[in-house]
1. Any idea which of LEU232, HIS101, ALA32 is furthest toward the positive side of the dipole for the chain, if Lys and Arg beta-carbons carry +1 and Asp and Glu beta-carbons -1?
2. Quick check: from the Cα gyration tensor, does the range 217-312 come out rounded (a/c under 1.5), prolate or oblate?
3. Label point 7 Å out from ASP314 along Cα-to-Cβ: which residues of the range 200-223 have amide N under 15 Å?
4. Applying a 10 Å radius around every beta-carbon, put 316-322, 200-206, 151-157, 219-225 in order of their mean neighbour count, most first.
5. In whole Å, what is the distance between the alpha-carbon centres of the range 1-79 and the range 128-149?
6. Can you pick out the pairs among LYS141/LYS417; LYS141/LYS419; LYS355/LYS391; LYS131/LYS391; LYS355/LYS416 whose Cα atoms lie more than 28 Å from each other?
7. With the Cα gyration tensor of the range 284-387 giving a ≥ b ≥ c as the square roots of its eigenvalues, does the rule (a/c under 1.5 for rounded; else a/b larger than b/c for prolate; else oblate) give rounded, prolate or oblate?
8. Using a cut-off of 19 Å between alpha-carbon atoms, which aspartates and glutamates can reach LYS418, once sequence neighbours fewer than 8 places away in the same chain are excluded?
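Bear in mind these aren't lab numbers, they're just calculated from the coordinates by the rules spelled out. In this text, all values refer to a predicted model and were calculated from it rather than measured experimentally. For neighbour counting, all protein chains shown are included, and Cβ atoms are generated from backbone atoms with ideal geometry for every residue, glycine included.
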Amino acid sequence: MFIGIDFGTSNSAVSASDGAAVSLVPLEHGEATIPTALFFNAEEHRTAFGRQAVREYTEGTEGRLLRSIKSVLGGPLMEEKTMVAGRATGFDEIISFFLGHLRGLAQQHLDSELTQVVLGRPVHFVDDDAKRDAAAQAALKRAALGAGFRDVAFQFEPIAAALDYELGLREEEVVLVVDIGGGTSDFSVIRLGPARSTRADRQEDILASGGVHLGGTDFDRQLSLAAAMPALGYGSAATGGRIVPSSIYFDLATWHKINLLYSNKEMFAAEQLRFYYTEAAMHARLMQVLKHRHGHQIAGRVETAKIAVADGGDTSLDLDIVEGGLLVPVGEAMLTTATDEDIERIVDTAHETLKAAGIAPDAPLTLYFTGGSTGVRQLRQAFHARFARAKMVNGDMFSSVARGLGVHAARVFGEKKKKR
Ligand SMILES: Nc1ncnc2c1ncn2[C@@H]1O[C@H](COP(=O)(O)OP(=O)(O)OP(=O)(O)O)[C@@H](O)[C@H]1O
Ligand SMILES: [Mg+2]
């Protein structure tokens with residue numbers, strides 16, 4: 001069996017293929033996806049993964065939650081260490097640990113030792129910086145080797161999604177894959193069809209790829225800044241007619257930076273900020289969140305609110321953990337305003353990718369949507385508006401990348417085996 005791993009910013013999935021059929025490996029009580037989350041449980045000195053990790057953290061167990069660890073790849077945090085179970089640990093080690101967990105589950109399920117893997121990767125880990133981008137892939141490869149794999153290959157995530165879609169095609173199509181996940185938006189323009197699918201080398205069918213480091217966690221961040229952070233004093237009045245410093249709120253609204261705020265140094269700095277606030281109560285709320293380490297819980301509630309209004313409707317953000325009875329209404333208009341600019345940049349990047357592919361604007365085109373953030377109605381509408389004549393296909397939001405990676409794994413490793 002050949003396996004592919006979609007190591008996602010928010011969710012991960014694993015597929016297995018024997019070259020004929022591809023299936024998803026059950027990861028958590030039969031679920032095909034697992035949240036990319038680890039919880040180092042300090043009370044019991046063990047690590048929980050996925051939903052279990054989030055649950056233990058939410059229940060208030062002492063320990064350390066890590067989410068969005070993929071966002072660290074290629075960034076400055078990669079060089080830093082973070083305290084886990086009383087030990088300074090590198091992020092590569094943490095990613096390795098997570099991949100090792102996925103490998104273990106797959107081995108158990110398939111009842112065999114797995115040494116080869118195709119890992120998905122975004123088109124750009126880092127925007128406009130080839131060197132740091134290469135460093136990000138190298139770090140992910142090291143993490144996979146550390147997890148026990150010996151032969152690691154990569155495939156772009158949107159190309160993987162295309163390979164999955166192709167399995168069901170009867171005619172040739174030019175497809176723009178739109179994969180909007182948690183951390184990145186990835187695009188590929190690719191020629192697909194039954195006659196092409198069996199070719200080993202698809203290089204000439206891949207007309208262009210592109211991407212931008214924006215996704216659902218950025219929507220969470222913007223919505224948090226619009227809905228949650230103002231309740232903690234973001235944008236509130238400071239002495240001298242200014243507003244209070246905002247960088248702490250940006251970090252608190254950013255999944256992978258929340259933990260950093262809890263160090264002694266940052267807590268001290270946050271405490272000192274009180275001199276700026278004309279409303280002491282606002283600073284008190286901020287400190288309440290930091291002291292009780294409610295950052296992830298607030299981010300989680302913001303994400304839940306986002307999903308609740310993503311397809312229309314209203315909800316409210318419950319901030320009772322900050323102060324009893326604190327509720328902030330969240331509606332479609334608020335989400336639209338908060339995500340407007342990000343969505344615009346995402347659609348622009350898709351448009352540029354199509355241009356780079358040399359596809360005429362009036363040529364027949366299919367848009368294939370995958371990734372959890374394609375659930376945002378405003379985003380789908382923006383694509384409809386820009387690509388009015390294209391055929392729109394909604395793929396499986398959470399599993400098509402993983403399935404395509406399995407398809408690719410069977411092809412690359414199957415070929416290798418034949419050659420030996
Ligand atoms: N129904 C929904 N509507 C809108 N957004 C959603 C919905 N369901 C999930 N999301 C968002 O989708 C994102 C996760 O999508 P997905 O699992 O495709 O990302 P990922 O593969 O982990 O990330 P990436 O590919 O960027 O590394 C999260 O930001 C989540 O909040
Ligand atoms: Mg993804």
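1. After comparing all options, I get HIS101.
2. Taking the square roots of the gyration eigenvalues as a ≥ b ≥ c, the range 217-312 is oblate.
3. Hits in the range 200-223 for ASP314 at 15 Å: none.
4. 219-225, 151-157, 316-322, 200-206
5. 18 Å
6. Exceeds cut-off: LYS131/LYS391; LYS355/LYS416.
7. Verdict is prolate for the range 284-387.
8. Output for LYS418: ASP18, ASP151, ASP201.
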